[in-house]
1. Tell me, which residue of region 282-295 that is among the hydrophobic types (A, V, I, L, M, F, W, C) and in a helix (DSSP H, G or I) is surrounded by the fewest Cβ atoms within 10 Å (Cβ to Cβ)?
2. Show me the strands (runs of 3 or more DSSP E) found entirely inside region 167-281 where at least 1 residues are more than 20 Å from Leu323 (Cα to Cα) and under 26 Å from the mean Cα position of the chain (by Cα).
3. Identify the single condition in (1) over 16 Å from Asp274 (Cβ atoms); (2) at pLDDT below 95 that Asp322 does not satisfy, given that it satisfies every other one.
4. Applying the selection to region 90-101, what residues are modelled with pLDDT of 75 or more and among the aliphatic types (A, V, I, L, M)?
5. Checking the conditions here, which among Thr314, Thr337 is in a strand (DSSP E or B) and in the same structural domain as Ile219 (by TED's automatic domain parsing)?
6. Can you tell me which residue among Asp161, Asp214 is at pLDDT below 90, crowded, with 16+ Cβ neighbours inside 10 Å and of a type in the set (Asp, Glu)?
7. Picking from Glu224, Glu182, which residue would you name as being over 27 Å from Gly136 (Cα atoms) and in the same structural domain as Trp292 (by TED's automatic domain parsing)?
8. For region 280-287, does any single residue satisfy the condition of being touching an Asp or Glu at 6+ places or on another chain (Cβ under 7 Å) and either under 15 Å from Leu343 (Cβ atoms) or among the small types (Gly, Ala, Ser) (or both)?
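The values are calculated or read from the model by the stated rules, or taken from the named source; none is laboratory data. None of the values given here were measured: they were computed from a predicted structure. Don't worry about glycine lacking a Cβ; one is built from the backbone with ideal geometry, like all the others, and counts go over all protein chains shown.
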Amino acid sequence: MIIPNFRPRLRAGLPWNRRQSWLPPTWAAPVAGLTRRLGGLLLAAGLVGLLLAPLLGEALFPRLWSIEPLTYIGAALLILGLVVHGAAHLTQEALRRGEAAAVEDRRIAERWTRLTQQYFELFNHDLGRPLRRILGKEREIRELLQDTDAAIPPSVRELLDEIEEQTPSFRLMMSNIQVLIELETPNTGATLHAVEPAEVVRRIVDRYSLVAADAQKQIAWWSEPTEFGIVYCDSSAIEHIVTNLVDNTVRYAGSYVEIGLTRDEDNFYIRVGDDGPGIANRYLPFLFDRGWTPEVARREERTSSGLGLFIAHTLAKRYGGDLTVTSVAAPDPEHHTAFLVTLPLRPKQ
């Protein structure tokens, strides 16, 4: 069993919406109701004071011959009650309008998300089909050149290798865009079903094996137990997480990428490691931030969007798990990087 190397991370609080009240949402309505009742009591006390002033004022305040203090008190309470009651009414009306505006904002966001998903599905379909044809023709050309026993010019080989290597990255980019749209969709719950994670990992390894071989790198995977069995999760989520991690490690590995799949009584673990130069400790706390890459910290041109690890980490958290990283940077002879995905075997009660 792999023991997760948990590293706590600080999270910045989300800013309040500009339409949100200065009170917390759970307090606003009770405070408005209490203020309205207080205003009503003050109004009632003021009216009682004004009504009793002609009858009791002279008896209570015999030294005053004009307007009795009870009249002042009643009038002041009446005015204060009107002010408080009016403020409570305005507050209640503002809350009602704010709730209506929030509901309308959610409806607009949901409509926008659905429309975006529809356009993206059309775009993905229309772009994915020619991409598959290009990849198929590239492999046909490679096989024809090999069958002719003719020496393939280095420039042609490099071009074919570039097409082969960029295809998984392009597919991953399209997949990441779709996942980002889904993550931004309001009220989207996690979908769980029976999944065989070993098969998901095997497909990903098959997809990247040729890319790793062309880069003269080896990619291997194993599971313990060998017959890993079924878990309750989302297969697409597992595939997105592991694909982003494998794509990252294949890019930065020195010569070797290893994927290990283990489980215990409550969770299953997917470890994706490489023998690359490693990541400096000062960068590790920011590795899963959206759009962040080490190039951003160094003010250099980015070589990636910085979304892959953010998506993997967000999906792991969404399904009740976690994603952590450990790394030893060169020139240490043991330099490496290892990502550990932790996901529950079954839904938590």
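1. Taking the candidates together, the pick is Phe286.
2. The strands (runs of 3 or more DSSP E) meeting that bar are 193-195.
3. (2)
4. Matches in region 90-101: Ala100, Ala101.
5. Residue meeting the stated conditions: Thr337.
6. Step by step, each of Asp161, Asp214 is checked, and only Asp161 is at pLDDT below 90, crowded, with 16+ Cβ neighbours inside 10 Å and of a type in the set (Asp, Glu).
7. It is Glu224.
8. So far as region 280-287 goes, no, none of its residues is touching an Asp or Glu at 6+ places or on another chain (Cβ under 7 Å) and either under 15 Å from Leu343 (Cβ atoms) or among the small types (Gly, Ala, Ser) (or both).
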